[in-house]
Amino acid sequence: MNASFRILLAALLVGPGLAMAAVEPKRSLTVGYYDFPPAIYSDTAGQARGPLVELTRAVIERAGYAASFRALPSARLYAGLRDGSIDVWPGAPGKPELAADTLEGEATLTHISLNLYHRADTPPPTLPQGLAGRGVIVINGYNYWPGVNRLLHDPALNIRLHRTSSHTSALQMLTHRRADFLLDYQVPVNQAQQQLRMAPLPYQRLHHVPIRFIASRRVPDTEAVLQALDRAYAELVAAGVDTSLPGE
């Protein structure tokens, strides 16, 4: 067997394996979210949109994975993280109901504020007694921190909860005096006020929390995945990529 033939045979044997490795698909991470416009939301075709979607996709692809987005109500999103049908959620850390089933990344993508809004002709309440017997508007599908939930459902305060499905309807309910206060997040309220051409409402900030990657413990190599995402985010920042998200 001459040298040129041996080289050709080696190329035929090794070449297909190299080609298969080159086109091997990236491991896909299922990213769960619920609508939080304008940062992350579903468009009319059901596709994930918003700057948090683009940032999350960029980080995941930089880390060597592919991203698949899935919109869910908060309760089903949490269930998906617990059973592993959702791999990653760009969300708020410190949820007690997720502590046993998730790990949290360290990179902070942005911050969100949870505020208690009131009309300009309504004085700010002294918490918690200022809410006793009053009406508070909340958004369906949103999950709040344990302390806030305890406040809302404290029988001694007898708070009347008024539920609605959108931030614009919540603002309209407040301005039309359907309730005394609105509990909502600042970023979507800012957008809704612009849509309604409303002047900004006064508010009290209840929480200001970071948004980080939350990964299901059912994900293979959960810690390695989170470390790769944190590292990829740091690399994007170091490369001068604009990672800013809608501010407050």
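For region 163-179, check the following and say yes or no: at least one residue is under 14 Å from L131 (Cα atoms) and free of Cβ contacts under 8 Å to residues at least 12 places away in the same chain. Lay out the reasoning, then the answer.
Of region 163-179, the ones under 14 Å from L131 (Cα atoms) are 179.
Of the ones still in play, those that are also free of Cβ contacts under 8 Å to residues at least 12 places away in the same chain are none.
No, region 163-179 contains no residue that is under 14 Å from L131 (Cα atoms) and free of Cβ contacts under 8 Å to residues at least 12 places away in the same chain.
In summary, S74 fulfils each of the numbered conditions (1) under 17 Å from L245 (Cβ atoms); (2) among the hydroxyl-bearing types (S, T, Y); (3) modelled with pLDDT under 95 with the single exception of condition (1). Annotation: of all residues in region 150-170 being over 22 Å from V187 (Cα atoms) and charged (D, E, K, R), the one that is most open to solvent (accessible area, probe 1.4 Å) is R150.
The residue of region 21-43 that is modelled with the lowest pLDDT, among those that are open to solvent by 70 Å² or more (accessible area, probe 1.4 Å) and out of contact with any strand residue (DSSP E or B) (no Cβ under 8 Å at 6 or more places or on another chain), is A22. Residue pairs whose Cβ atoms lie under 9 Å apart, sitting 6 or more positions apart in sequence or on different chains, and linking a residue in region 95-118 that is touching a residue at least 60 places away in the same chain (Cβ under 8 Å) and within 28 Å of R134 (Cα to Cα) to a partner that is open to solvent by less than 10 Å² (accessible area, probe 1.4 Å) and charged (D, E, K, R), are L114/D184; N115/D184; L116/D184; Y117/D184.
Residue-wise test of (1) modelled with pLDDT under 95; (2) basic (K, R).
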| site | (1), (2) |
| --- | --- |
| L183 | no, no |
| P202 | no, no |
| V209 | yes, no |
| F213 | no, no |
| R231 | no, yes |
| A234 | no, no |
| G240 | yes, no |
| E248 | yes, no |
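Residue pairs whose Cβ atoms lie under 8 Å apart, separated by 6 or more positions or on different chains, with the first residue in region 41-57 and without any contact (Cβ under 8 Å) to a residue 60 or more places away in the chain and within 23 Å of T108 (Cα to Cα) and the second open to solvent by 80 Å² or more (accessible area, probe 1.4 Å) and part of a helix (DSSP H, G or I), do not occur.
Would region 209-224 turn up any residue that is under 30 Å from D101 (Cα atoms), free of Cβ contacts under 8 Å to residues at least 60 places away in the same chain and β-branched (V, I, T)? Break it down stepwise before answering.
The initial filter retains those residues of region 209-224 that are under 30 Å from D101 (Cα atoms), namely 209-224.
From what's left, free of Cβ contacts under 8 Å to residues at least 60 places away in the same chain: 220-221, 224.
When the remaining residues are screened for being β-branched (V, I, T), the result is none.
No, region 209-224 contains no residue that is under 30 Å from D101 (Cα atoms), free of Cβ contacts under 8 Å to residues at least 60 places away in the same chain and β-branched (V, I, T).
Among the residues that make up region 231-246, is at least one of them open to solvent by 60 Å² or more (accessible area, probe 1.4 Å), among the charged types (D, E, K, R), without any contact (Cβ under 8 Å) to a residue 24 or more places away in the chain and on the phi < 0 side of the Ramachandran plot? Explain how you work it out, then say what you get.
Here is the first cut: in region 231-246, the residues open to solvent by 60 Å² or more (accessible area, probe 1.4 Å) are 231, 235, 237-242, 244.
With the extra rule that they be among the charged types (D, E, K, R), the set shrinks to 231, 235, 242.
With the extra rule that they be without any contact (Cβ under 8 Å) to a residue 24 or more places away in the chain, the set shrinks to 242.
Narrowing further to those that are on the phi < 0 side of the Ramachandran plot: 242.
Yes: one or more hits.
Determine if region 225-242 includes at least one residue that is under 29 Å from L161 (Cβ atoms) and not in a loop (DSSP other than H, G, I, E, B). Steps first, please.
From region 225-242, those under 29 Å from L161 (Cβ atoms) are none; that's our starting set.
Within region 225-242, not a single residue is under 29 Å from L161 (Cβ atoms) and not in a loop (DSSP other than H, G, I, E, B).
The values are calculated or read from the model by the stated rules, or taken from the named source; none is laboratory data. Quick caveat, the model's predicted, so the values are computed rather than measured. All Cβ positions, even for glycine, are placed from backbone atoms using ideal geometry, and neighbour counts span all protein chains on display. To get the accessible areas, we keep the full protein, side chains included, count just its heavy atoms, and leave off ligands, DNA and RNA. Shrake-Rupley method; radii C 1.70, N 1.55, O 1.52, S 1.80 Å.
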